[in-house]
Amino acid sequence: MHTKTLTELAQGLRSGKFSSLELTHAFLARIKQHQYLNAYITVTEEQALQSAKAADQRLASGNAELLTGIPIAQKDIFCTLDVKTTCGSKMLDNFTAPYNATVVEKFNQAGAVMLGKLNMDEFAMGSSNETSYYGAVKNPWNINTVPGGSSGGSAAAVAARLTVCATGTDTGGSIRQPAALCGITGLKPTYGRVSRYGMIAYASSLDQGGPMTQNAADAAIMLQTMAGFDEKDSTSVDLPVPDYRAGLNNSLAGLKIGLPKEFFGDGLNNDMAATLEIAINEYKKLGAEVKEISMPNLKLAIPAYYVIAPAECSANLSRFDGVRYGYRCKNPVDLADLYTRSRGEAFGKEVKRRILMGTYALSTGYYDAYYLKAQKIRRLISEDFKKALADVDVIMGPVTPTTAFGIGEKMDDPIEMYLSDIYTIAINLAGLPAISIPAGFIRDMPVGLQIIGNYFAEDRLLNVAHQYQKVTNWHHHTPKGFE
Amino acid sequence: MEWETVIGLEIHTQLATQSKIFSGASTAYGAEPNTQACAVDLGLPGVLPVLNQEAVRMAVIFGMAIEAHIAPYSVFARKNYFYPDLPKGYQISQMELPIVGIGHLDIEIDGITKRIGVTRAHLEEDAGKSLHENFLGLTGIDLNRAGTPLLEIVSEPDMRSAKEAVAYMRKLHELVRYLGICDGNMQEGSFRCDANVSVRPKGQTEFGTRAEIKNINSFKFVEKAINHEVERQIELIENGGRVIQETRLYDSVKDETRPMRSKEEANDYRYFPDPDLLPVIIDEDFKSQIKAALPELPQAKKERFKTAYSLDEENATLLTASRQLADYFEAVLKVSGCEAKLCANWITGDLSAALNKAGLEITDSPVSDERLAGLLARISDNTISGKIAKQVFETLWQSTSSADEIIAEKGLKQITDTGAIEAIIDKIIANNQDQVDQYRSGKDKVFAFFVGQVMKEMQGKANPAEVNKMLKTKLAP
């Protein structure tokens with residue numbers, strides 16, 4: 001059962017081939033069997049079995065939704081009522097939220113069965129899942145390599161079939177990069193499409209939740225449930241949610257694809273370039289037209305991002321102070337001691353690094369030079385994309401500079417680590433939607449293709465991805481030992 | 001050397017919204033600690049603020065009342081600092097783009113009007129409270145107040161004495177209550193003041209170094225705190241010292257200010273736009289809606305009372321001190337159909353005295369506008385005299401009967417029957433020949449004696465005008 005897609009499983013549940021309870025048992029067994037991947041922080045076995053029983057009743061009564069009875073796992077950044085939410089940090093190792101994130105609530109309403117909470121980089125800061133307090137997640141394609149991050153647990157779990165689908169969040173590439181490195185499909189929606197309520201904030205103006213699945217058709221089903229205006233999130237956008245499955249089979253004849261020369265220049269290695277070229281040729285066969293475009297400000301994305309995201313995170317993480325919840329140091333002697341030791345002992349190195357960078361960038365005397373300048377660059381990058389997307393329907397490019405790198409390889413070199421998001425970060429700065437889909441292998445490790453669309457054009461992205469997946473089988477590959 | 005004082009005030013007014021500025025929790029005062037703080041107020045992970053539109057509306061009302069520029073585009077910013085009663089580690093406030101821009105407020109000092117500039121007014125959330133007592137050396141945190149909407153109103157350094165500062169503060173206090181945007185309760189902290197105070201040699205154009213005195217919560221203390229601070233600064237400079245820029249706390253028990261923190265120790269608040277909130281856009285439509293619904297402002301009301309009702313300055317000022325009192329007056333006037341002066345005198349006189357004595361506000365008056373109007377109508381149509389009316393008023397205050405019922409029950413109806421009055425007058429003149437002689441020989445004062453005797457005989461029910469007239473005729477030599 002575990003090799004089947006969400007779409008297939010939803011049909012199986014309806015036709016009575018298996019029950020949600022059987023499905024849930026099967027996935028729970030796989031999670032146990034492959035614990036060494038470290039994909040889950042918390043497994044909610046008892047709760048999952050209960051929801052599965054309820055889902056089976058709902059399926060029998062005929063008022064089920066597509067996700068009813070489908071096993072799903074939540075990135076541990078989404079708050080879950082009565083189940084601890086750690087955000088991958090020692091700081092929240094003891095934290096259980098008194099509410100569900102809007103996204104979690106929506107999946108619950110749809111009758112999806114939550115298997116547990118997935119590992120991630122601490123507070124979503126990292127590109128390898130190695131900053132997690134709960135230890136690194138292993139890439140099922142090669143357990144000596146990283147799954148990417150920050151949604152590394154989500155990507156590894158979907159790739160290893162330890163869940164049917166998972167949620168992720170993407171601030172600078174945290175859905176797309178791990179999706180690429182683990183050979184799955186990951187969609188970062190337009191900023192504002194999915195509610196951020198109950199999703200622990202890293203960089204509020206960039207964070208966006210999205211689906212991580214085996215293929216685009218499954219992502220369409222997940223997004224259908226996740227998307228929509230939420231009155232609890234002022235930055236969510238009050239626009240109607242289209243039927244994401246309705247346009248999946250639209251023809252790509254005449255589709256205009258833009259290829260930014262900045263994406264395909266010297267920085268991209270030959271293997272990657274060659275793999276992507278084959279993928280783009282598939283699109284040509286499907287009737288698409290390809291055009292080279294230029295977005296001169298793309299090169300400024302990483303420096304701008306590493307001012308804006310840390311600046312926002314420096315404030316967002318101030319609430320973790322040992323006063324009301326979360327980690328508190330032992331025997332504080334006074335207030336300053338309570339603050340400094342609680343935070344000092346509970347935050348990891350990368351989190352501290354970003355808090356310090358952000359605090360510095362916002363300080364009197366530096367604000368204009370860093371924060372304001374970065375905001376200007378952000379506008380320039382958005383303008384580049386707007387101009388480009390006036391001419392083409394979608395933009396394509398790599399997701400990552402390389403395939404998955406070794407565990408421990410980049411941990412001592414933050415700059416090198418930051419550069420692994422070089423192709424994804426600009427999209428967050430512009431607030432655009434983008435999807436990463438499996439597009440081949442280099443030395444048996446998966447490669448992702450990134451497709452970037454216009455604001456709220458998730459339906460178009462899913463259509464473009466789905467048409468490719470109809471004529472290719474990269475997304476059907478399962479890592480050895482997980483078939 | 002002669003010194004000049006320069007004062008600017010920052011006034012925090014708690015807006016009278018039902019719920020908090022960024023959450024749905026109640027703003028009611030006095031609940032058990034932490035019972036009115038929801039997940040958003042507690043700053044739990046993942047929660048997001050949602051702006052209360054009512055707070056925006058109130059800020060715009062205020063801006064219009066002081067003829068200020070209303071920003072079409074204003075932005076919330078995070079003010080970062082750590083404190084246990086600040087759950088998020090930042091306060092959501094407004095920095096570069098406040099909702100209300102430059103405006104003004106006129107104050108009156110010794111009959112002279114002075115215009116005080118308002119630099120800006122911005123929306124922000126209040127913090128919680130740290131409770132240092134009764135926790136065995138630990139600190140308790142009450143987050144009920146966290147997230148209460150505040151409008152911080154910042155004045156220009158236009159005031160030159162503590163007296164002016166108090167006049168400005170009172171004027172503002174009156175205005176926000178008039179507008180119905182703040183309950184003005186200073187004990188509960190709904191209206192708090194920080195004062196920026198400096199001194200300079202008279203004639204010098206540049207300002208001296210200022211000290212900021214924090215959290216002064218009464219008119220009396222503002223005056224005392226400023227005067228104290230001015231003395232301190234002058235003494236310091238005259239003894240060769242130098243004022244340093246710092247934040248000072250006023251101790252009302254010791255009547256002194258003492259330093260809290262200097263500029264060097266001051267926080268770098270690292271303001272930046274809050275990415276969780278959209279900019280506040282205010283269009284002309286919204287402004288004209290608010291303008292149409294804007295209540296008549298105190299100054300305009302006072303002028304109208306003077307011209308339309310021919311009230312004197314004193315009565316007009318007293319009656320427009322609060323919107324509720326002014327409304328009461330106009331209701332009495334309308335229902336009774338009496339002369340405005342009579343209504344005004346009764347309200348600012350007997351009624352106000354009784355309210356003061358009982359410690360009540362006009363809104364809690366046991367004598368409703370309608371019942372007072374009933375009484376005044378009977379004075380006006382000569383059913384009772386002013387003196388009897390005072391008796392009736394006392395009963396009105398204590399009972400629920402109408403003036404007419406009281407007059408009928410106690411038989412207080414005034415006697416206007418000239419025959420009855422004449423008979424009494426004749427009797428009194430006959431029995432007091434000495435006094436009659438005195439009066440006729442030019443001692444006018446004795447006249448009052450006759451009036452008193454007649455009134456006494458008639459238990460105060462005689463029409464005084466009639467008595468006067470008749471006595472004058474009868475006593476004429």
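Computed from the coordinates by the stated procedures, all read-outs in this text should not be read as laboratory data. In this text the structure is predicted, and so the values were computed from the model without any measurement. Backbone-built Cβ (ideal geometry, glycine too); neighbour counts: all protein chains shown.
Per 5 Å bin from zero, what fraction in whole % of the C-alpha pairs of the range A:143-295 is there, up to the bin with the longest pair?
For the range A:143-295, the binned pair fractions read 2, 9, 14, 16, 19, 19, 13, 6, 2, 0 percent.
Mean shadow of chain B, computed from the convex hull of its alpha carbons, in nm²?
The Cα convex hull of chain B, projected and averaged over all directions, gives 32.4 nm².
I need the fraction of alpha carbon pairs in the range B:213-276 separated by more than 15 Å, rounded to a whole percent.
Distances greater than 15 Å cover 60 percent of the Cα pairs.
Normalised by the residues of the range B:126-179, what does the relative contact order come to in percent, with Cα pairs under 8 Å and at least six apart?
So the answer I get is 27 percent.
Among B:Ser155, B:Ile7, B:Val467, which residue has its Cα positioned farthest towards the positive end of the charge dipole of chain B, with +1 placed on the Cβ of Lys and Arg, -1 on the Cβ of Asp and Glu, and the dipole taken about the Cα centre?
So the residue we want is B:Val467.
Once R0 is set to 30 Å, what does the formula 1/(1 + (r/R0)^6) return for the Cβ-Cβ distance between A:Asp412 and A:His476, expressed as a FRET efficiency to the nearest 0.05?
That gives a FRET efficiency of 0.20.
Under the rule of at least 5 residues apart or a separate chain, name every residue whose amide H is placed under 5 Å from the amide H of B:Glu4.
Result for B:Glu4 returns B:Arg200, B:Lys202.
Can you tell me the Rg and the Dmax, both Å, for the Cα atoms in the range B:373-477?
Reported Rg and Dmax, both Å: 15.7, 51.
What ranking, highest mean first, results for peptides B:324-330, B:403-409 when packing means the other Cβ atoms within 10 Å averaged over each residue?
B:324-330, B:403-409
Please list, in order along the range A:324-338, the HN-Hα scalar couplings obtained from phi with the Karplus expression 6.51 cos²θ - 1.76 cosθ + 1.60 (θ = phi - 60°), rounded to whole Hz, x for Gly and Pro.
Ordered by residue, 3J(HN,Hα) equals 9, 7, x, 5, 10, 5, 7, 6, x, 8, 7, 4, 4, 5, 4 Hz.
Compute the acute angle (0 to 90°) between the alpha-carbon long axis of helix B:219-238 and the principal axis of greatest extent of the alpha-carbon atoms of chain B; round to the nearest 10°.
60
Work from the charge dipole of the protein assembly as shown (Cβ charges, +1 for Lys and Arg, -1 for Asp and Glu, about the Cα centre) and give the residue of B:Leu86, A:Leu419, A:His34 farthest towards its positive end.
Toward the positive end, the furthest listed residue is A:His34.
Please list, by residue number, every one of the chymotrypsin sites (Phe, Trp or Tyr not before Pro) in the range B:215-281 that is coil in DSSP and has at most 14 other beta-carbon atoms within 10 Å.
Listed in order of number, the matching sites amount to none.
Return the FRET efficiency for the residue pair B:Asn432, B:Ala476: r is the Cβ-Cβ distance, R0 is 22 Å, and the value is rounded to the nearest 0.05.
In this case the efficiency is close to 0.85.
Pop out the ³J(HN,Hα) list for the range A:123-135 in order, Karplus 6.51 cos²θ - 1.76 cosθ + 1.60 with θ = phi - 60°, rounded to Hz; leave Gly and Pro as x.
Karplus-based 3J(HN,Hα) across the range A:123-135 equals 6, 6, 9, x, 10, 9, 6, 7, 7, 5, 5, 8, x Hz.
Would you mind calculating the relative contact order of the range B:418-475 from Cα pairs under 8 angstrom and at least 6 residues apart, reporting the percent as a whole number?
After rounding, I find 42 percent.
Quick one: which residues, 5 or more positions from B:Ile141 or on another chain, have an amide H under 5 Å from its amide H? H modelled 1.01 Å from N in the peptide plane, none for Pro or chain starts.
Counting only residues 5 or more places away or on other chains, the set is B:Leu131.
What size of dipole, in debye to the nearest 20, comes out for the range B:296-410 about its Cα centre when the only charges are +1 on Lys and Arg C-beta atoms and -1 on Asp and Glu C-beta atoms? Can you show the working numbers first?
Details: 13 positive and 18 negative charges, 34 e Å.
Dipole about the Cα centre, nearest 20: 160 debye.
For the range B:339-355 and the range B:35-85, what is the centre-to-centre distance using only Cα atoms, to the nearest Å?
Their Cα centres are 42 Å away from one another.
Over 17 Å, how big is the tail of the calculated P(r) for the range B:296-410, in percent of all Cα pairs?
More than 17 Å apart: 51 percent of the Cα pairs in the range B:296-410.
Counting helices only, and only those DSSP H runs with n ≥ 4, report the 222 nm mean residue ellipticity of chain A as the sum of -39,500 (n - 2.57) divided by its residues, in deg cm²/dmol to the nearest 500. Could the numbers behind the result be given before it?
Working: 15 runs with 179 residues, N = 483.
Only helices count here, giving -11500 deg cm²/dmol.
Of B:Thr257, B:Phe219, B:Gly241, which is farthest on the positive side of the dipole of the range B:184-300, counting Cα position, with +1 on Lys and Arg Cβ, -1 on Asp and Glu Cβ, and the Cα centre as origin?
B:Gly241
Which angle between 0 and 90 degrees, to the nearest 10, do you get for helix B:53-65 versus the longest principal axis of chain B when only C-alpha atoms count?
Once rounded, the angle reads 60 degrees.
How well do other chains shield peptide A:96-106, expressed as the mean number of their Cβ atoms within 10 Å of each residue Cβ?
The mean count of partner-chain Cβ atoms within 10 Å per residue comes to 2.
Straight distance only, please: which lysines reach the Cα of B:Lys427 with their own Cα at less than 27 Å, same-chain residues fewer than 8 apart left out?
List returned: B:Lys387, B:Lys410, B:Lys413, B:Lys443, B:Lys445, B:Lys456, B:Lys461, B:Lys469, B:Lys472, B:Lys474.
If I model chain A as equal point scatterers sitting on the Cα atoms and use the Debye formula, what is log10 I(q)/I(0) at q = 0.07 Å⁻¹?
-0.32
Excluding A:Ser420 itself, what net charge comes from residues whose Cβ is under 13 Å from its Cβ, given Lys and Arg +1 and Asp and Glu -1? Intermediate values should be presented prior to the final figure.
Numbers: positive: A:Arg176, A:Lys410; negative: A:Asp121, A:Glu130, A:Glu409, A:Asp413, A:Glu416, A:Asp421.
So the surrounding residues net to -4.
Please give the average number of partner chain Cβ atoms lying within 10 Å of the Cβ of each residue in A:320-329, rounded to a whole number.
Taking the mean over all residues of the peptide, I get 4.
Once amide H atoms are built 1.01 Å from N in the peptide plane, which residues 5 or more positions from A:Val290, or in another chain, come under 5 Å H to H?
Those qualifying (amide H under 5 Å, at least 5 residues apart or on another chain) are A:Ile257.
Magnitude of the Cβ-charge dipole of chain B, K/R +1 and D/E -1, about the Cα centre, nearest 20 debye? Present the calculation step by step, with values, prior to reporting the outcome.
On the way: 55 positive and 70 negative charges, 208 e Å.
Its charge dipole is roughly 1000 debye.
Per residue of A:78-88, what is the mean number of Cβ atoms on other protein chains within 10 angstrom of that residue's Cβ?
Mean number of neighbouring Cβ atoms from other chains: 1.
Evaluate E = 1/(1 + (r/R0)^6) for A:Glu46 and A:Lys352, where r is the Cβ-Cβ distance and R0 equals 45 Å; express this FRET efficiency to the nearest 0.05.
The calculated FRET efficiency here is 0.80.
More than 42 angstrom separation, counting every C-alpha pair in the protein assembly as shown; what % is that?
Of all Cα-Cα pairs in the protein assembly as shown, 51 percent lie more than 42 Å apart.
Net charge near A:Leu239, counting Lys/Arg +1 and Asp/Glu -1 over other residues with Cβ under 13 Å of its Cβ? Could the numbers behind the result be given before it?
Working: positive: A:Arg193; negative: A:Asp230, A:Asp238, A:Glu458, A:Asp459.
So the surrounding residues net to -3.
Any chance you could check the Cα centroid distance between the range B:265-318 and the range A:77-144 for me, in angstrom?
48
For Cα pairs less than 8 Å apart in space and 6+ apart in sequence, what is the mean separation divided by the residue count of chain B, i.e. the relative contact order in percent?
In percent, rounded to a whole number, it is 14.
Report, to the nearest 10°, how far helix B:298-308 tilts away from the longest principal axis of the Cα atoms in chain B, using its own Cα long axis and a range of 0 to 90°.
20
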